[in-house]
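The values are calculated or read from the model by the stated rules, or taken from the named source; none is laboratory data. Just so it is clear, the structure is predicted and the values come from calculations on it, not from any experiment. Note: ideal-geometry Cβ built from the backbone for every residue, glycine included; neighbour counts use all protein chains shown.
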2 protein chains.
Amino acid sequence: MRSPTPSPPEDVPEVVPDEFDVIARLMRPLAAPEALDLMDDAAVIPSRPGFDLVVTKDAIVEGVHFLPGTPLDLVARKLLRVNLSDIAAKGAVPYGYLLACAWPDSIGWSGREAFAKGLAEDQAVFGLKLFGGDTVATPGPLIFSATLFGWVESGQMVKRSGAQAGDLVQVSGPIGDGYLGLQAARGQLEHLDAPLRAALIAHYQTPQPRLDIALAGAHAAADVSDGLLADAGHIASASGVAMEIALEAVPISTAGQAWVSEGDDRQARLGALAAGGDDYQIVATGPEPLPGFTVIGRVIAGEGVCVTLGGAPVFLSQTGYRHGNLG
Amino acid sequence: MRSPTPSPPEDVPEVVPDEFDVIARLMRPLAAPEALDLMDDAAVIPSRPGFDLVVTKDAIVEGVHFLPGTPLDLVARKLLRVNLSDIAAKGAVPYGYLLACAWPDSIGWSGREAFAKGLAEDQAVFGLKLFGGDTVATPGPLIFSATLFGWVESGQMVKRSGAQAGDLVQVSGPIGDGYLGLQAARGQLEHLDAPLRAALIAHYQTPQPRLDIALAGAHAAADVSDGLLADAGHIASASGVAMEIALEAVPISTAGQAWVSEGDDRQARLGALAAGGDDYQIVATGPEPLPGFTVIGRVIAGEGVCVTLGGAPVFLSQTGYRHGNLG
């Protein structure tokens, strides 16, 4: 592997890049004024009267959250997007991020350059700047963590804990493409049309955080990362309420519909889509339908999430997604 | 290994702890109001008019930044302290932190409980609260990253980039105990008295961030984590100036003095202490001596760091500390 564009090591085989070179050549171009050219140990964020700063931090691990061999520009973009999804679900506007990278020696300059390229691409897409961070060596797998910052008007952050009995449960778009996307990325789902498979892989690798959708009027919200049923359950638990969700009301993509219709057990397949993770839609509750959302159930007194199909309660063997080893 | 105190798994062998149990039982007691009981995906930090938020993020890796087998309460405390050291060097007051933990399956409940205990201890010491974060599984070594937040009066953060020719270069305390502490922690330095060795190990494992010392009047500052000469060099580079540092003026602990005096090459040993890392003192520049600091040199026009001994320039084979594999 050699670096494709102007690269600092001259005519030598790829070696472990120098941390200071990586910062100076790859990261500094990404930096915000707040980062002081990444020449400091810290960034400084001026207070913004009338606004609250929303902060979130998610980490991703090679072999757990992304498949080994995934191009590193895509990994960088997914790292930002899973965090941006949390910012979106809080009703906040993205501002900037801190980054921690643990690099094994096997990743040379070209890999790190690809990673920085992915960051730059999504910084442009989402109007984001790098505030700083840390780069460390590791004998283990690649691990990245990002701390994302967003602004929201004071007191207006949409929490998980605001759901009230009588609210409508709503989602911002198709559910289950993350679950199917992982299978497609592993080379499965070969019965599906190639364009559908490609769309699923793209969704899994480069999800779309729903920063485009407004949450005005929402009582509670969370992004769908652990799986719709698990994330709805987090809202229920944080709010001290229960939810009923009608499986047949949950919106499903064309690919998802094709996958459901090719199976024998419709209930199991609908349940799998609703339990799978990595969708990065938003599940919200509120007294009225929110523009752009689909109503899938309602908030009631009690605890837990009750799933129905055709009005009858159904039992699902797996209602939450836990990140296992993708191996 | 079994958990020593009230532990959730009843009479069963230790298994991989459930992430939600870890959050609910170990992390929630550490959480700030801003963390919404860790029941949300994000924390919310209200703006504080008149103040800037200082943010910094450092990661530590088992086998790179701490020795395998180090008790996890000490690892937790070191994680907070290396980040607090950055906050201290910026003249800020600690506020809270986000945490990302990558746990291998080999670390069971008791290990995670020890880690949480260390966090709790240092939260009490430093008046700090947990704002949230992420817990992931990894097939590799333990990796932790923390994002630390601190407050500073608007525009008053002490940067690396403010040094001016004519400033005095100053340090907040003994240099080299981090370098010797790593050796002592590895079982080396057996010639030193046992109490000195124990103090060095304690310094390496649980460094003291210099939050107790004021930076009023400083033009520039950085914490000494990469090594005095490297960190002074960072200030010089960010400020567009050079520095002269007199090796014999650099303060050294009793243990450091004992180690220097038992060697043949005084210059090399003084140089090793000044180049070693993990001291977590503060190196600063300013027109006047700062209370509690020791003057070790001066800022001049040019670039780089020139080291002298007895007035004559000396050449050091290693002027910067790079974290290698501690193996």
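Summary table
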item	result
Hits in region B:92-129 - residues which are more than 30 Å from B:P139 (Cα to Cα), surrounded by fewer than 23 Cβ atoms within 10 Å (Cβ to Cβ) and either facing chain A (nearest Cβ under 10 Å) or of a type in the set (A, V, I, L, M) (or both)	B:V93, B:A124, B:V125
Some residue of region A:71-84 being closer than 20 Å to B:F149 by Cα and either within 10 Å of chain B (Cβ to nearest Cβ) or part of a loop (DSSP other than H, G, I, E, B) (or both)	yes
From B:A114, B:A100, B:A184, B:A165, residue being at pLDDT below 95 and more than 15 Å from the chain's Cα centre (by Cα)	B:A100
Among the candidates B:V64, B:V54, B:V44, residue that is in a loop (DSSP other than H, G, I, E, B), facing chain A (nearest Cβ under 7 Å) and among the aliphatic types (A, V, I, L, M)	B:V64
Residue list for region A:25-34, filter: more than 10 Å from chain B (Cβ to nearest Cβ) and either crowded, with 18+ Cβ neighbours inside 10 Å or aliphatic (A, V, I, L, M) (or both)	A:R25, A:L26, A:M27, A:L30, A:A31, A:A32
Residue satisfying condition, being of a type in the set (S, T, N, Q), assigned by TED's automatic domain parsing to the domain that holds A:D223 and either modelled with pLDDT of 95 or more or within 24 Å of the chain's Cα centre (by Cα) (or both), within set A:T285, A:T319	A:T285
Complete set of residues in region B:174-193 that are touching a residue at least 60 places away in the same chain (Cβ under 8 Å), among the hydrophobic types (A, V, I, L, M, F, W, C) and assigned to a helix (DSSP H, G or I)	B:L180, B:L182, B:A185
